[in-house]
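The values are calculated or read from the model by the stated rules, or taken from the named source; none is laboratory data. As the structure is a computational prediction, the values presented were derived from the model and not from experiment. Here the Cβ positions follow ideal geometry from the backbone for every residue, glycine too, while neighbour counts run over all protein chains shown. Quick note on the areas: whole protein, heavy atoms, side chains included, nothing else; ligands and nucleic acids left out. Shrake-Rupley method; radii C 1.70, N 1.55, O 1.52, S 1.80 Å.
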Amino acid sequence: MKMKGYLFVLFLLGSMLTGCASPVVTSNEYLLMDAGLNKAQAQLTKKMSIQLMPIVVANYLAGNEIVLVTKQGEVHRSQGNLWAESLAPQLTRLTQQRLEKTLPNITWFGGQRLPSYAIAILNIEVDDFYADLQGMVHISGRWQVISAMGELTATDTFHVKNRLPADGYTTMVQTLSASWFEKVIDPMAKEIAQSFN
């Protein structure tokens, strides 16, 4: 009986010491924001429908960790600074909102909402969406519009580099967001508008 009491006290002390020794890891979570949505300029096009396919990001960007990449290609995944939502669905949702604003004559379909007739498709692939250790953000990838008849209507690649105005993850997320909309989506919307005029 004495032995059981002794073991219980040891177990209790061990549990308390383990609880005290484990540091509490706090994390900051971030969402991309389209700060310029209300100021976006509408482009005129003919009336049509396009399905925005879910944006595809490279596998190293698919987790919730915000990544930094060195010039040598070494990937640093932040454990304390995370995306509040995976990058691909954020980019897809915000891109559709921006395209609805900039190309209002086009009916944009996303997800499972599809008309019964064939419509054009917009595919976007993202290879890079990160900051490096020298204070630059990098965004690159490609996009294609495929007509309802299956023909390639418009296509282009994008390669964006912008300097971070200050240190910190908040600044990095804001710079990535602004670069995505101003240097990738707005130029893409202009090209799409020219293709469908």
Sort out which residues of the stretch 111-135 are surrounded by fewer than 18 Cβ atoms within 10 Å (Cβ to Cβ), under 15 Å from the mean Cα position of the chain (by Cα) and of a type outside the set (D, E, K, R), and write them in order of number. 123
Count - residues of the stretch 85-110 that are among the β-branched types (Val, Ile, Thr) and within 20 Å of residue 29 (Cβ to Cβ): 1
Identify all residues within the stretch 58-80 that are part of a strand (DSSP E or B) and closer than 18 Å to residue 179 by Cα; write none if there are none. 66, 67, 68, 69
Quick one: which of 83, 108 is over 17 Å from residue 177 (Cβ atoms), open to solvent by less than 40 Å² (accessible area, probe 1.4 Å) and among the aromatic types (Phe, Trp, Tyr)? 108
Would you check which residues across the stretch 24-78 are open to solvent by 50 Å² or more (accessible area, probe 1.4 Å), of a type in the set (D, E, K, R) and in contact (Cβ under 8 Å) with a residue 12 or more places away in the chain and list them? 29, 46, 47, 65, 71, 77
All-but-one check, residue 96 against (1) open to solvent by 20 Å² or more (accessible area, probe 1.4 Å); (2) in contact (Cβ under 8 Å) with a residue 40 or more places away in the chain; (3) outside any helix (DSSP H, G or I), failing number (3)
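Against the definition (under 18 Å from the mean Cα position of the chain (by Cα) and more than 23 Å from residue 171 (Cβ to Cβ)), how does residue 45 come out, yes or no?
Here the answer is no, as residue 45 does not meet what is asked.
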